[in-house]
Ligand code: CA
C-alpha cells in the first residue's frame with residue numbers, strides 16, 4: 001500500500017498507522033489523524049459527507065476528546081480508519097483536491113486525546129521488578145511471592161496526566177535524608193522518568209462484569225506512550241505501607257496519537273514463558289505481546305539529544321489482556337477513556353533499562369552526557385523524550401513521542 005501523500009521514509013505515520021488524536025489550529029478542537037507530516041482534519045472531512053454511511057451524529061468529530069468517537073464502537077471506528085486508509089492510498093480520491101483538509105503537523109496544537117476517568121499503573125516488567133527488588137529489598141529474592149501469580153498494579157491519579165510538550169514543575173515534598181531520622185520538606189532531589197506504554201479502554205463494562213483474556217482486545221481501543229514521572233526520594237519515605245502517593249501524582253506525560261490495536265496486529269509476538277503456570281482466569285491463547293522498539297532521550301537545556309536507553313514492549317511478562325482480565329476479575333468496571341499503564345519497561349541488558357533508578361543504580365553510577373555533564377537523576381532544564389515504533393520491512397507504525405521539560409520547583413514557605 002502506498003499513499004499519494006509524500007511520507008518521509010522514517011515517518012512513524014505511514015499509511016499502515018492512521019492513529020487518532022485531538023488537534024486545534026484556532027482554538028476549536030477536532031478529531032484528526034496523521035499521515036506523514038500532515039494532519040488530516042476529520043471534522044472537516046465528515047462535513048463533506050465522507051462518513052455518511054458510517055456515522056449519523058457528526059458532532060463526535062468536533063469534541064475536545066475522543067471519548068464520544070470511541071463510543072461509536074470498534075466496528076465503526078475501524079471502518080472509519082480503513083476508509084481513510086483507502087482514500088489516502090487511492091490516486092483518484094476526492095481528498096486529493098481538498099487541501100483544506102490537511103495542515104502541516106507543526107501548525108497543529110495537539111491535546112490530551114481522551115478524558116481519562118481512571119488511571120491504573122501496573123508493574124508488569126519482570127526485569128524492572130527484579131532490578132528494583134534487588135536494590136530495595138533482597139538481592140537473592142528480588143521478586144515478592146505474588147509477582148509471578150498476578151499482574152501487580154495500583155490506582156494512580158488521572159487529573160495530572162498531561163499531553164506531550166507540557167513542562168513539569170519539579171515536585172516539592174517530604175523526604176528523609178539518609179543521615180537523619182527527621183524528615184525535611186523541599187524540592188525532590190531524585191526526579192526520575194518511567195518508560196511505559198498505556199492502553200485506552202474502548203468499551204465499558206458495568207460493576208459486577210468481568211472481561212476475559214479472550215475478549216480483552218474488544219475492550220481496548222489503542223495505545224500511547226506514557227512517562228510516569230516519579231520522585232524517588234519522596235517515594236522511598238512515603239510508600240510504606242500503602243504504596244506510592246505524592247511521589248507519582250504530580251504529573252505523568254502522554255503522547256498525543258492513539259495508535260489503534262488493529263494497526264499493531266502485524267507486530268504481535270509471543271510473550272515470555274510464564275512459570276509457574278498462571279491461574280485459569282489469567283491463561284490466554286495466541287500472541288498477545290507486541291514488538292515495539294522504545295527509546296529514552298535526555299536533552300539538557302541548550303544541549304543535544306542523548307539516547308540513554310533502548311527497550312522493547314515485547315519484554316512485558318504480563319500482557320495487556322491479562323492485565324485487563326485481572327483488573328476486572330472482581331467485578332471492577334471500566335469506562336471508555338480509562339488508561340491502563342504497563343509499568344516501567346526494562347529489558348534484559350544494561351542499555352535497555354526504563355528508569356534512571358536502574359540506569360544509575362539509584363544514583364551510584366551516574367551517566368555522562370555528550371556535553372560532559374553527569375546525571376544521576378533528571379535536572380531542571382532537562383527534557384525527557386520517549387519514542388516508540390513498530391517496524392517490519394516498509395510497514396512502520398510509530399507513536400511519535402512524549403516529551404516533557406522539567407522546570408525548577410515552585411518556592412514554598
Ligand atoms: Ca509506573
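Only the coordinates and a few stated rules stand behind these numbers; no lab work does. Given the structure is predicted, the values throughout are model-derived calculations rather than measurements. Glycine gets a Cβ as well: all are built from the backbone with ideal geometry, and neighbour counts include every protein chain shown.
Quick one: 88, 191, fewest Cβ neighbours within 10 Å first, how do they rank?
Details: 88 23, 191 26.
Lowest to highest Cβ neighbour count: 88, 191.
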Listed residues 58, 144, 246, most fluctuating in the chain (Gaussian network, C-alpha, under 10 Å): 144
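Once you keep just the Cα pairs under 8 angstrom separated by 6 or more residues, what percentage relative contact order results for segment 61-136?
Values: 20 pairs, mean separation 29.6, N = 76.
This gives 39 percent for segment 61-136.
Extension gain residue 182-residue 37, at 0.36 nm per residue separation less the Cα-Cα distance, in nm? Display every interim value, and only then the final one.
Values: separation 145, 0.36 × 145 = 52.20 nm, distance 5.36 nm.
Gain in length upon complete extension: 46.8 nm.
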At R0 = 30 Å, FRET efficiency that the Cβ-Cβ distance of residue 301 and residue 246 yields, to 0.05: 0.70
Extension gain (nm, one decimal) between residue 210 and residue 392, 0.36 nm per residue minus Cα-Cα: 62.0 nm
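Taking 0.36 nm per intervening residue step and subtracting the Cα-Cα distance, what contour gain separates residue 283 from residue 310 on full extension? Write out the running numbers ahead of the final one.
On the way: separation 27, 0.36 × 27 = 9.72 nm, distance 2.93 nm.
Extra length from residue 283 to residue 310 when fully extended: 6.8 nm.
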Degrees between helix 74-89 axis and first principal axis of the chain (Cα, 0 to 90, nearest 10): 70 degrees
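With an 8 Å Cα cut-off and a minimum separation of 6 or more residues, compute the relative contact order for the chain in percent. If you can, show how the numbers build up before the last one.
Details: 970 pairs, mean separation 86.8, N = 413.
Computed over the chain, the figure is 21 percent.
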Separation of the residue 189 and residue 79 label points, Cα + 7 Å toward Cβ, nm: 6.1 nm
The chain shape via C-alpha gyration tensor axes, a/c threshold 1.5: prolate
Cα-projected label distance for residue 137 with residue 268, points at 7 Å along beta-carbon direction, nm: 3.3 nm
Within segment 170-186, backbone nitrogen closer than 18 Å to the virtual label 7 Å beyond the Cα of residue 410 toward Cβ: 170-174, 185-186
Fewest-first ranking of 149, 219, 111, 128, using other Cβ atoms within 10 Å as the exposure measure: 149, 111, 219, 128
Cα-Cα P(r), segment 21-111, percent of pairs per 10 Å interval: 17, 54, 29, 1
Nearest-0.05 FRET efficiency for residue 6 and residue 49, computed from C-beta distance (R0 25 Å): 0.40
Distance between modelled label sites at residue 144 and residue 293, nm, 7 Å Cα→Cβ extension: 3.6 nm
Separation between Cα centres of segment 120-179 and segment 7-33, rounded to whole Å: 32 Å
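For segment 12-168, what does the convex hull of the Cα positions come to per residue, in cubic angstrom? Don't jump to the answer; show the numbers that get you there.
Details: hull volume 26.1 nm³, N = 157.
In segment 12-168, the Cα hull volume divided by residue count equals 166 Å³.
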Euclidean distance of C-alpha centroids, segment 295-343 and segment 385-413, integer Å: 12 Å
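Summing -39500 (n - 2.57) over the DSSP H runs of n ≥ 4 in the chain and dividing by its residue number, what mean residue ellipticity at 222 nm do you reach, to the nearest 500 deg cm²/dmol? Write down the numbers at each step before the final one.
Working: 7 runs with 57 residues, N = 413.
Roughly -3500 deg cm²/dmol at 222 nm, from the helical runs in the chain.
Please rank 332, 32, fewest neighbouring Cβ atoms within 10 Å first, as an exposure proxy. Don't skip to the end; give the middle numbers.
Numbers: 332 17, 32 30.
Ascending number of Cβ neighbours within 10 Å: 332, 32.
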